Amino acid sequence: MATTINEGTPVIPTGRSRRAKVADSGGRLAALLLSPTMLVLALVIGYPVLAGFRESLFTRGEGLDADGFVVEGERFVGLDNYAAIFSGDRATAFWNAFGNTTFFTVTTVFLETVIGVAMALIMQRAFRGRAFVRASILVPWAIPTAISGLLWRWIFQADGAANAVLGTDILWTADGPAAKTAVIIAEVWKTSPFIALLVLAGLQMIPREVYEAAQVDGAGALQRFWRITLPLVKPALLVAVLFRMLDVLRMFDLPAVLVGVNQKSVQTLTTISWFEASNLRYGSAAAYATVLFVYIAVISYLFVKLLGADIIGQAREVRKKPATKAGAKTVRKVAA
Amino acid sequence: MRRIPLAGVVAGLALALAACGGGDGGTGGGGTGGQKAAAGELTGRGPITLATGKDRSGNMQKMVDAWNKAHPNEQARIIELPDEPNEQRQQMIQNATTKSDTYTILNLDVVWTAEFAANRWLAELPKDKLGLDAFLPATVTTGEYRGRLFALPTTSDSGLLYYRKDLLEKAGIAEPPKTWDEMWAACDKVAKLPEGKGVDCYLTEVAKGEGLTVSAAEAINSTGGAFVDASGKPNVNTPEAKKGLEFLINAIKDGRMPKAAVTLDGEGGRRHFQSGKLLFHRQWPYQYGLANAEDGSSKVAGKFAVAPIPGPAGPGAANLGGHNYAISAFAKNKASALDFIKFSAAEPQQKANALATSQAPTLTSLYSDAEMVAKYPYLPTLKAAIENAKSRPSAVKYGDVTTAIQNAVYDAITGKTTADQALADLQAKLGELTTP
């Protein structure tokens, strides 16, 4: 953003020092113009993060006095809240929730990506009733998660639709692998449209000529998908996948409504943090939230670094040479 | 361009944390010296509020209107909280940790008393000025913490055994079962009838939730066991408690309860009973009116009756529910609030409420009131149940205690651990949670 403003500032060519001064004042202007944004960001993002971290270093409400009243005031405990997470019983619960969170993230994001891309490809085709298909694919995304949790709970109850259709009598909402499956199904149902929507936007950016050229060169449908569609839609897809990952790592409402907050097989890190907070251990809850924060930060950093490096690289190249070089490259590859 | 994904990352992360920053409002407490919960300090007159769950019948509003007419300078206003009990508790706690005076009177679930009282969120009530003798004694204890009164019971609740009168009659059984063995014998007889085909024997709530704590408490109290002893120390690793827990374990293992029991919450159980597929059902009194509805929603209307829950060798010990009114320690106009509480717990108001909502009253006299008994024939049974009923453990960390109980019992009834192991673990866990 800063560069844009610099470029946009009219530069009057009256000697070096003058130009430098103008550039300098441009920087100051940029800072000035950006300051409200920064202030808001600091207020709504920076402060909660820091306050949460501070809270995680304190404890309160521990112990009762002689009359049975809770001893008031908070006490600095350093990293005790963090140490407690990784010791004894709580460690078992933590690693279980950590495993669940990771498992849900990997499975649901993978399934959502596959289904979402397929949905986008369908939505992009021109056919009669396209508007209807597009709208109906988006319906699950429009339903609030808690409500879809309730809907799926009806479907998955012992005498519900799922068992009737499958001809089984699985207890989906009890503990165990069935509960995990139920959560994955409901989550994928709900959020695949999100990926589909972003991928569809990406698909519509791809110029038709690229496909025509490929077709002239004799590329089959599958080849066109792997060599043209996928590489060109990748930036949009990666952003969609990244957002989904951030979302699933914080998953709370769906397992909570569908199965319950206290079932080992679907307990996630946010569930534990919620449980701690609802039992007035705010320090411990903040510690769990901070651990989750770090985990999400690491995952997203790795994601951007390993896969997303391309987005940034492409963006840079695009800025240098305003031509769809990546696109040209793929076409050349297809032709070869 | 480069910033976009990173900004997204940061925003996502912040949401993760902000979700948990909610409890931050009360940071830096400690400066509350003036909030002594001593009796006799209930002063101040003026407008008051009543924080409560949903007023579904509209009767609460009627009661408030009547109060407002008589007390134009001490107007009361209802603040409706979310439906979910735990969310009501959360909101009341948030209100208390910020020391807000928005809520004057709190409509507390009986199991929250200890937590709220111990955190100094409630004003102590004057025991001698409330005519406590007129209340069922068991209900009054639910409003007490360490012998001091913090909340006045306005409604009560207790488990009952719903049974299919028609099926028992066909099987030639005149009386509802008083013991567990009698209950199983009755099931075996009914199962042999053509009408008894596909009818499950028994159900009590065993899905993971507060209902499981209640079921476990009833089973264990019925065999003479307890979670905590009279002094508040955990005492659950006993032969009596094991016998109680084994009742639940065997009821599931022997197929007395439907296989789906672990997924049926209170409402799921009610659906099952109302579908006519259940012979004996331990449930709260609210089911009585709903299961008797003639609008086609219930297939068992007029075909069932209620009895005290059975035990190992005679009637069992049911569990107490209900709600109490308490005064927030941070509220203004506590004197008006006390008058309002007395007004709501008085006989005319309790009777109107019971007739409108089928919530059980807490005044002994109403259980023999002719109009009440005509509308709710189960009242004498319920009175006996409440008089015999036991409370769930009164614990400051009740949320942790009930979760520990649910985890241990759920693992035992689903066969993940043995009864011995579950009780030993629970004893250790409760030890950690109840030591000051």
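Might you let me know whether the range B:416-428 holds any residue that is open to solvent by less than 20 Å² (accessible area, probe 1.4 Å) and within 23 Å of B:L203 (Cβ to Cβ)?
Start the filter on the range B:416-428 by keeping residues that are open to solvent by less than 20 Å² (accessible area, probe 1.4 Å), which leaves B:419, B:422-423, B:426.
With the extra rule that they be within 23 Å of B:L203 (Cβ to Cβ), the set shrinks to B:419, B:422.
Yes.
In this structure, is B:N388 open to solvent by 10 Å² or more (accessible area, probe 1.4 Å), away from every other protein chain (no Cβ under 13 Å) and within 22 Å of B:M92 (Cβ to Cβ)? Lay out the reasoning, then the answer.
Details: open to solvent by 10 Å² or more (accessible area, probe 1.4 Å): yes; away from every other protein chain (no Cβ under 13 Å): yes; within 22 Å of B:M92 (Cβ to Cβ): no.
So B:N388 does not fit the description; no.
Each residue in the range B:301-359 was checked for being in contact (Cβ under 8 Å) with a residue 12 or more places away in the chain and more than 20 Å from B:G44 (Cβ to Cβ), and 35 of them qualify.
Only one of B:L168, B:L212, B:L161, B:L152 is surrounded by 17 or more Cβ atoms within 10 Å (Cβ to Cβ) and touching a Gly at 6+ places or on another chain (Cβ under 8 Å); which?
Details: B:L168 fails: touching a Gly at 6+ places or on another chain (Cβ under 8 Å); B:L212 fails: touching a Gly at 6+ places or on another chain (Cβ under 8 Å); B:L161 fails: touching a Gly at 6+ places or on another chain (Cβ under 8 Å).
It is B:L152.
Condition (residue is crowded, with 18+ Cβ neighbours inside 10 Å, under 25 Å from the mean Cα position of the chain (by Cα) and at pLDDT 90 or above) applied to the range A:161-177: is it met by at least one residue? Within the range A:161-177 (the criterion being crowded, with 18+ Cβ neighbours inside 10 Å, under 25 Å from the mean Cα position of the chain (by Cα) and at pLDDT 90 or above), the answer is no, since none of the residues qualifies.
Evaluate the following for B:L320: is it over 30 Å from B:L50 (Cβ atoms) and either within 21 Å of the chain's Cα centre (by Cα) or buried (at least 22 other Cβ atoms within 10 Å of the Cβ) (or both)? Steps first, please.
Numbers: over 30 Å from B:L50 (Cβ atoms): no; either within 21 Å of the chain's Cα centre (by Cα) or buried (at least 22 other Cβ atoms within 10 Å of the Cβ) (or both): yes.
It is false that B:L320 is over 30 Å from B:L50 (Cβ atoms) and either within 21 Å of the chain's Cα centre (by Cα) or buried (at least 22 other Cβ atoms within 10 Å of the Cβ) (or both).
This table checks each residue for (1) under 19 Å from B:Y325 (Cα atoms); (2) more than 14 Å from chain A (Cβ to nearest Cβ); (3) among the aromatic types (F, W, Y).
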site: B:D339; (1), (2), (3): yes, yes, no
site: B:F343; (1), (2), (3): yes, yes, yes
site: B:N353; (1), (2), (3): yes, yes, no
site: B:S368; (1), (2), (3): no, yes, no
site: B:A384; (1), (2), (3): no, yes, no
site: B:P393; (1), (2), (3): no, yes, no
site: B:D420; (1), (2), (3): no, yes, no
site: B:T434; (1), (2), (3): no, no, no
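Tell me, please, whether a residue that is outside any helix (DSSP H, G or I), over 18 Å from the mean Cα position of the chain (by Cα) and in contact (Cβ under 8 Å) with a residue 24 or more places away in the chain can be found in the range B:79-93. Among the residues of the range B:79-93, at least one is outside any helix (DSSP H, G or I), over 18 Å from the mean Cα position of the chain (by Cα) and in contact (Cβ under 8 Å) with a residue 24 or more places away in the chain, which makes the answer yes. Being assigned to a helix (DSSP H, G or I) and more than 14 Å from chain B (Cβ to nearest Cβ) holds for only one residue in A:A178, A:A186, and it is A:A186. Of the residues making up the range A:163-194, those that are out of contact with any Ser or Thr (no Cβ under 8 Å at 6 or more places or on another chain) and in contact (Cβ under 8 Å) with a residue 12 or more places away in the chain number 5.
Among A:A256, A:A221, A:A287, which is the only one that is more than 16 Å from the chain's Cα centre (by Cα), more than 9 Å from chain B (Cβ to nearest Cβ), farther than 29 Å from A:L197 by Cβ and not polar (S, T, N, Q)? It would help to see each step written out before you state the result.
Numbers: A:A256 fails: farther than 29 Å from A:L197 by Cβ; A:A221 fails: farther than 29 Å from A:L197 by Cβ.
The conditions single out A:A287.
Would you confirm whether or not the range B:49-66 contains a residue that is open to solvent by 50 Å² or more (accessible area, probe 1.4 Å), at pLDDT below 85 and within 30 Å of A:R60 (Cα to Cα)? No, the conditions are met nowhere in the range B:49-66. Conditions first: (1) within 14 Å of another protein chain (Cβ to nearest Cβ); (2) more than 19 Å from A:R250 (Cα to Cα); (3) open to solvent by 70 Å² or more (accessible area, probe 1.4 Å). A:L50 passes all but one, so which condition is the exception? That leaves (2) as the condition not met.
The values are calculated or read from the model by the stated rules, or taken from the named source; none is laboratory data. The model shown is predicted, which means the values in this text are computed figures rather than measured ones. Glycine gets a Cβ as well: all are built from the backbone with ideal geometry, and neighbour counts include every protein chain shown. To get the accessible areas, we keep the full protein, side chains included, count just its heavy atoms, and leave off ligands, DNA and RNA. Shrake-Rupley method; radii C 1.70, N 1.55, O 1.52, S 1.80 Å.
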